[in-house]
Structure formats: C-alpha cells, structure tokens
Amino acid sequence: MFFFGDTHEEIKETLLDEEVLRKSYEDPRLFEVLIDRYEEKFLRRARAVVFDEEIAKDIVQDTFVKIYSYGKKFKPVEGAKFSSWAYKILLNTCFRWYGKTKKEASRITIMDDELENKLFDETDGVEDSFNADYIESLVNRLPETFARMVRLYVNEGKTYEEIAEIEHASPGAIKVRMHRAREALKELVKELPYF
C-alpha cells in the first residue's frame, strides 16, 4: 500500500505508471517519479526527430506538462499501456514543433500505397495533421534531390514528365529516382517508427 511518507525509490518499485499518475494529483511531487522513469527515453526519441538537444529538452518538458494536464482523461485499456499514450503525446509534440518550423510544412501524402500502409497501420485515431507532420519529417530527411522530387510529385501534382523538365533529366531517370526515394522513405520509417 502507498503512503505519502514513502520515498520515490519505494514508489518506483511498487507502483505502475498509471497509479503514479493518478496519485500525483493528490501529491504533485509524485509526478517526479514519471519524470525519472521517462525523461532520458523521451530525450533520446525527441533528439531523433528534431536533431537538436536544446529543442528536444523543450519538447520533453512540454510533453510532461501535457501528460500531467491531460492525465485525468487517461483511461487504461487492456493491451494499451501508459507508455504508449505518453509516447504518442511526445511524438505529437515533436511533429507539431517540426511542422511549425518548416515553411513548407504543407500537407503531403505518400505516392506509394505500400509505404502509406506501413506508416498508418498502427495509428488508430491519431489526428490527420499528426500524420502529415510525421510524413513531412520523413521527407525532410531525404537527400535534397529526392525530397524536391517527392514534393513536386505529391504537393504540386507534377507528372514524371514535368518533373523531368524541371530537373533537366529524362522521364526514365525520374522514375528511377522516385523509386529510390520510396525505398529511402521505407528505410526511414524503420528507423523512426510512427510511435
């Protein structure tokens, strides 16, 4: 049984994340237990998305504020852990930041059904803007030539022939490059899963 006199170390050993969150509304100091459990993991994940230590720290701090703010709405569901919910908040925060800082954070879709299925097969109920931010963050990690062609094809609706004219290449060369861009996106999805 939990007593307010228990140390954080004892609480770490005995309470599940969900219980710590619930009890932190009675004693806000207990929220530090969740920070201790997740801060380093969150920082690693945020750095992988934004590639900047200071911004990652800000994102993690904002994530913990959101977890505490929305924590009363969290309902444990069989098969869904607190950690999954918390990581979705973290990634949503990362991608929203990423989208705000990019001038061309316009909505894009992937031109390959197989890749799109890989991106979204486990994202039940996640906002469309979160999906677009995630995809844009992947495209931004492509080599500039590939990213430019993907944006021309997806955002501007250009055909391979039109892209070939813009890129001063043959339509066949553009098809090969687009295939390579798709393959690169698939690899990025493996390195940076949706959640």
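Below are the figures for this structure:
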| quantity | calculated |
| --- | --- |
| Packing-based exposure ordering (other Cβ within 10 Å, fewest first) of Glu136, Glu40, Glu32 | Glu40, Glu32, Glu136 |
| Stretch gain in nm, segment Ser69-Glu165, where the contour uses 0.36 nm per residue and the Cα spacing is subtracted | 29.4 nm |
| Lys175/Asp52 FRET efficiency (R0 30 Å; Cβ-Cβ; nearest 0.05) | 0.25 |
| Fewest-first sequence of Ile163, Ile35 by Cβ atoms within 10 Å of each Cβ | Ile35, Ile163 |
| Per-residue HN-Hα couplings for segment 141-146 [Karplus 6.51, -1.76, 1.60; θ = phi - 60°; Hz; x = Gly/Pro] | 8, 6, x, 3, 4, 5 |
| Ordering of 141-147, 176-182 by packing [mean C-beta count within 10 Å, highest first] | 176-182, 141-147 |
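Every read-out reported here was derived from the displayed coordinates using simple, explicitly stated rules and does not represent laboratory data. These figures come from a predicted structure and were not determined experimentally. Glycine gets a Cβ as well: all are built from the backbone with ideal geometry, and neighbour counts include every protein chain shown.
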